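The values are calculated or read from the model by the stated rules, or taken from the named source; none is laboratory data. Note that the structure is predicted; figures quoted are calculated from it, not measured. We place every Cβ from the backbone using ideal geometry, glycine too, and count neighbours over all the protein chains shown. Accessible surface is based on the protein model in full, side chains and every heavy atom, while ligands, DNA and RNA are left aside. Shrake-Rupley method; radii C 1.70, N 1.55, O 1.52, S 1.80 Å.
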Amino acid sequence: MVRAFWKSFDLTKALPVDIPELQRLLKSCAPSDQAVFLRECAECTSWRQLPALKGAVRAIWARPTKPTAALEAFRSVHLAHLFYYWAEFDRALAELDAAFASKHLTRRDEGLARWVEGKIHLSMVSASSEVSQVGGTFSGKARRRTAGRRMGAAYAALRKALQLLTDRYPADRGRACATYGLFYRRIGESEKARFWLEKALSYFKGNAELHGKAMVYGNLGHLYRETGRYAEALYCFDQDRKIGVKVGDVFGHIINDIRIGDIYRVLGKNEKARENYEIAIRLGEKHPEQSAPVMAMLGMARIEASRKRPAEARRWVTRALPIIRSQPHLRYRQMLKVTEARIARHSGNLGQARRHLSAAIKLAVRGQDVFPVVRTQYEAARVHILSNRKSSGRKHLLQALRISEHASHHELMLWCEQLLAVHFPYDLAAARLGRYLGHHKAERILLPGSIRRIGGRRVLRTILAGDLRGFTSLSERIPPDRVTDILNRYFDAATSMVEKYGGNIDKFMGDGFLAVFPGNRAGVHGACRSALALLQEAEDLTTILARQLNSARLEIGMGIDTGHVVEGEVGSVRRFDFTVIGDVVNTASRLQAVANGGEIYLTPAVMPFLKGGAAREFPTRFVGKIPLKGKVKPVPTHCLDSAED
């Protein structure tokens, strides 16, 4: 009944909505039909009677006709979904808590509940602008902790949703995969984001789930654009636009014309860019409730500025200003400042351009997307260099390069390196050498007078050693290029986790690695967190690289020890390395050799740092006294377990 009504009554066009008729229809529906219909209602953003609709829905769902525990739990899940779409996140979480507490959810409904919970936590981070982490910098410790907890909660909820929503529920699993991809895009993991978004697309067949398809195509387009794959980005945005036209989604039509225009502008095809911008602006004039055309106006202004026509550029900016002032979006304000900076730069007013870019950087950092931050930092570097302020330009350029490296945006890295090659060749050498040896070693090597003799000094360090299990036999079954790809992804994950928690990769050895952390409490905790995160990364990589692995699993065995080592230059006068040597290094390496896949072995020296409050985060169990190669006595060994286990 509801599905027939939905097919015959296009709510995006049939305005105003007949609220009494809608109430009567919903009251006569089965709960499952109500859920399907109301979810579609929630996703429809074109309704001009949204407050009245929200009131009607709440009135219907507030008092179930048959108040059984199972029905209450079912309704709580879908009501939470509605609250999510209406940005009432606290109420949505309260409904989910009630659903989980009832313990009457089916497997599918619990999976949907976990999916909604993950979306809510992601949206709460974005809505409150608490993600101010950009390449490792934060606006405050409290904000970092809050955002970190919410991102962690989103990750846990989405993983649980994927476990519950199996292939028996393709559309639901597709939505969960899409949101999981969005999570990885938010934290800068482009490859993982692309994998999960493409996987989501495989679950959306034919004309079903057009809303999900549009979301996936949009996010894939952004990923391809950010990594310089413009042809693929154009295809994805074009598919997203076609879906918008098909379902009457005016916003989707406008925003994708703007995205396509932006790509053509970056490629220097200004005429094609103008065509797409003009289409978006005309649609905006027909639908004044849409604010997105302001981005097309700013795009037109940038084209005119690049043509040295500042008067025309300012005319477009003046046209966009009233819309920007009426909207709370940080992105619009940031784009306005960048556009005004470009107009000022092309007009020769470099001081004004610097001021606009300074404001644009602050606005970009308050958002959560890495791409605008890097682009704005890059623009600021160019303006400062033109102003003969090379010190400031160097600072902005190195910041842009560091962020693009952190987010694996290769196209942005190339832009930064091209500018470094012209103005700061020493920094370019340091950046490239750092990728081979680690930034800590690169700085030591390039600093004049830093290396005087072979030798080192005795210091306290924590050593984390890790090695892939069964990789030698796997290498015999798959081609060398696949082996290299798998190893590169694994080492990339290891480097990210180690650097995230305060350590440095000392060396890669075959399919293993050696990482060095400070020898204090924070260093031990950082090594433990890195090891636990790497176990989870191995699971994710096993899923992502399922075809390359040929049904095998990636498993890591690790060992951690702490104590005194000799740190310094080791080797001959003609060829040496900056590394660490000592019994602590040997013990950590021997422990990882005897650990099973998925286990983290600890020495007695590590255990005092894991007592008290740390014991809850780092639960351990005694394995026994293990004989190690080269050791006279067996070593009492503990195993670090995940706090979730």
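Solvent-accessible area per residue for the stretch 152-292 at a 1.4 Å probe radius, Å²? Before the final figure, lay out the partial values.
Working: 5740 Å² over 141 residues.
For the stretch 152-292, the solvent-accessible area averages 41 Å² per residue.
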Subject >> Spin-label pair N388/L433, simplified geometry with 7 Å Cα→Cβ offset, distance in nm >> reply: 3.1 nm
Original post:
Of the heavy-atom accessible surface of the stretch 490-645 (probe 1.4 angstrom), what whole percent is carbon and sulfur?
Top reply: 51 percent
Original post:
Between K611 and H423, what is the label-to-label distance in nm when each label sits 7 Å out along the Cα-to-Cβ direction?
Top reply: 5.5 nm
Original post:
Kirkwood hydrodynamic radius for the stretch 551-616: how many Å is it when counted over pairs of different Cα atoms?
Top reply: 14.1 Å
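Excluding ligands, DNA and RNA, what is the solvent-accessible area per residue of the stretch 495-645 at a probe of 1.4 Å, expressed in Å²?
Result: 47 Å² per residue.
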**OP:** Using Cα centres only, tell me the gap between the stretch 286-313 and the stretch 180-238 in whole Å.
**Re:** 27 Å
**OP:** State the extension gain, in nm to one decimal, for the chain segment bounded by E88 and R149, taking 0.36 nm per residue of separation less the distance between their alpha-carbons.
**Re:** 20.0 nm
Original post:
Which entries in the list K205/K242; K507/K633; K205/K269; K199/K242 go over 23 Å, if you measure between the two C-alpha atoms of each?
Top reply: K507/K633; K205/K269
Subject >> the stretch 254-307 - percent of accessible surface contributed by carbon and sulfur, probe 1.4 Å >> reply: 47 percent
**OP:** Jot down the radius of gyration and Dmax of the stretch 149-209, Cα atoms only, both in angstrom.
**Re:** 11.5, 38
**OP:** Can you pull the one-decimal nm distance between simple spin-label points at K308 and R331, each 7 Å off the Cα toward Cβ?
**Re:** 3.4 nm
Subject >> 25 °C / 0.890 mPa s Stokes-Einstein diffusion coefficient of the stretch 460-525, Kirkwood radius on C-alpha pairs, µm²/s >> reply: 191 µm²/s
Subject >> Local electrostatic count, L386, Cβ distance below 12 Å [Lys/Arg +1, Asp/Glu -1] >> reply: +4
Original post:
Computed FRET efficiency, Cβ-Cβ of V247 and S473, R0 56 Å: what is it to the nearest 0.05?
Top reply: 0.65
Subject >> T542-I187 FRET efficiency (beta carbon distance; Förster radius 22 Å; 0.05 resolution) >> reply: 0.65
Original post:
Which of the aspartates and glutamates could a cross-linker span from K286 if the Cα-Cα distance has to be under 14 Å and same-chain partners fewer than 8 positions apart are dropped?
Top reply: D249, E278
Subject >> Estimated dipole of the stretch 479-621 in Debye, rounded to 20 [Cβ of Lys and Arg +1, of Asp and Glu -1, Cα centre] >> reply: 240 debye
Subject >> Rounded FRET efficiency, nearest 0.05, which uses the C-beta distance separating A593 from F622 and R0 of 22 Å >> reply: 0.65
